[in-house]
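To keep things clear, I will list the structure first and then write my remarks on it.
The values are calculated or read from the model by the stated rules, or taken from the named source; none is laboratory data. Just so it is clear, the structure is predicted and the values come from calculations on it, not from any experiment. Cβ sites come from the backbone with ideal geometry, for glycine too, and all protein chains shown count toward neighbours. Heads up: the accessible areas ignore ligands, DNA and RNA and are worked out on the full protein's heavy atoms, side chains in. Shrake-Rupley method; radii C 1.70, N 1.55, O 1.52, S 1.80 Å.
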Amino acid sequence: MIARQTIGWLLFGIFSLPLRSAQAEIPSPEPYLLVRSMRMLQDQVASGKAEALPMLNRVLGHIAGQLQAAEPKVWTNPANVYAIVIYLLNGGNPAVVRSILTSAKLDLVDPKLVAGSLAYADGDMMRIIENFQELPSNVPIELVASIYLVTATQLASIDAGTALKRLDYIRLNVPGTLLEEAALRRGLMIAARLGDKDKVRLLARNYLQRFALSPYSEDFFRQLVDALMIIKGKISNEEIAEIASLAWPGARLPFFLRIARGAIVDGDMQRARFASQQADALATALNADDTQAKLYMAVSSVGSDKTREAHVILSKLPKDRLHGRDVKLLEAAAAMANRILAQPIPQTGDPRKMEVADSATSLKAASAPSEFVDPIVDGTRKKLDAIDALLGKASK
């Protein structure tokens, strides 16, 4: 009930224009109540409620004003100090929080918690890790989860196992929140680097079952593809298809296209064929453009016994439907197919085998990363960057 009343106060202050005298009669909610309302809105963002995001941006600004106007005695309550740190770590105004932490009397709050928060406001990740390494036992679970989330990526480079355990703490202690949603996404790459295939599958399955409507879902699929590229042969095509089956078809299509392209870059033509075939079938079912799927399917067949068929497909693909990077891939694959087809029929020990073997290397080089931005991701990254700021990422 208290939280609902607080949201009402916030919305009243943000969306209405009462007289100054009327405003003066309305008591300002305690900071911990204001931040609780912010967290509720963030969780609505994670659940896919589109109207929650613009409202959240306004609420973050409104809370900053309320914190600046708060009486000094407010900060003698540790609950309010913990709340403004949660606010800071979840996209709040760092200048406002820094001003409070450096001017208020905070005798009841652990000095390292204050130092870590100031380091976060300054973007100093080394001091953040140092001061947040051990947390006081009386720190609220939601603050612990926020600290674990913002330090996970940096900690993973030092101690990946501990970083993953901290993300597990978030999943277990604040389920259904935007903190859990982010923990699932960020855990994918850490688990992959540890070679934990089962953990990658678990995190992916939980995400798709719980947060499929999140505005971060595009970023999730990007992280998932990167994770699958790392564990490579440890995970089968059937297991990848099982993960994909939990997503709606419109999300599965770009997912398999990313897998196909990533496999080509990695030189794994067998997986590229599998993923491109899946993408081609989905494009047909969705009545969507199948040019990319056809391209990757043909590229993955160059150098196999289906080189001639691949060459025919490549010659018919409309280049104007492909991004410039894929046009280069098409041209490289077509040139390689021409060279292979121009050779005599191979005999035992025929040098043409070297030509076929070289095709994978050449195509891999043609598809290697450069300044190119994948068209599937490009349209969503700016939106995701803006949303991700709400989680208080220290750096990109």
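Here the dipole of the range 36-136 is about 260 debye; that uses its Cα centre as origin and unit charges on the Cβ of Lys and Arg (positive) and Asp and Glu (negative). Sorting W75, W248 by accessible area puts them as W248, W75; the probe is 1.4 Å, largest comes first, and only protein heavy atoms count.
Distance between the modelled labels on R339 and H323, one decimal in nanometres: 2.6 nm (7 Å Cα→Cβ projection). State whether the range 179-301 is rounded, prolate or oblate according to the following rule on the C-alpha gyration tensor (a ≥ b ≥ c being the square roots of its eigenvalues): a/c under 1.5 gives rounded; otherwise a/b larger than b/c gives prolate, and the remaining case gives oblate. Cα axes put the range 179-301 in the oblate bin. Given +1 at the Cβ of Lys and Arg, -1 at the Cβ of Asp and Glu and no other charges, the dipole of the range 250-294 around its Cα centre is 80 debye to the nearest 20. Site pair V139 and N57 shows an inter-label distance of 3.1 nm when each label is modelled 7 Å from Cα along Cα→Cβ.
List residues of the range 271-303, by number, whose backbone nitrogen lies under 17 Å from a label position 7 Å along Cα→C-beta of V312. Label zone hits: 294-295, 297-303. Derived scalar couplings between HN and Hα for the range 43-60 equal 5, 5, 4, 4, 7, x, 7, 4, 6, 6, 5, x, 5, 5, 4, 5, 5, 4 Hz in order, rounded to whole Hz, by the Karplus curve 6.51 cos²θ - 1.76 cosθ + 1.60 (θ = phi - 60°), x for Gly and Pro.
Cross-link pairs exceeding 21 Å between alpha carbons, from the set K112/K199; K294/K319; K199/K232: K112/K199. The gain in end-to-end length when the K112 to R127 segment is fully stretched comes to 4.4 nm, 0.36 nm per residue minus the alpha carbon separation. The calculated FRET efficiency for the pair T76 and L246, based on their C-beta separation and a Förster distance of 35 Å, comes to about 0.10. If R0 is 22 Å, the Cβ-Cβ spacing of A288 and E238 corresponds to a FRET efficiency of close to 0.35.
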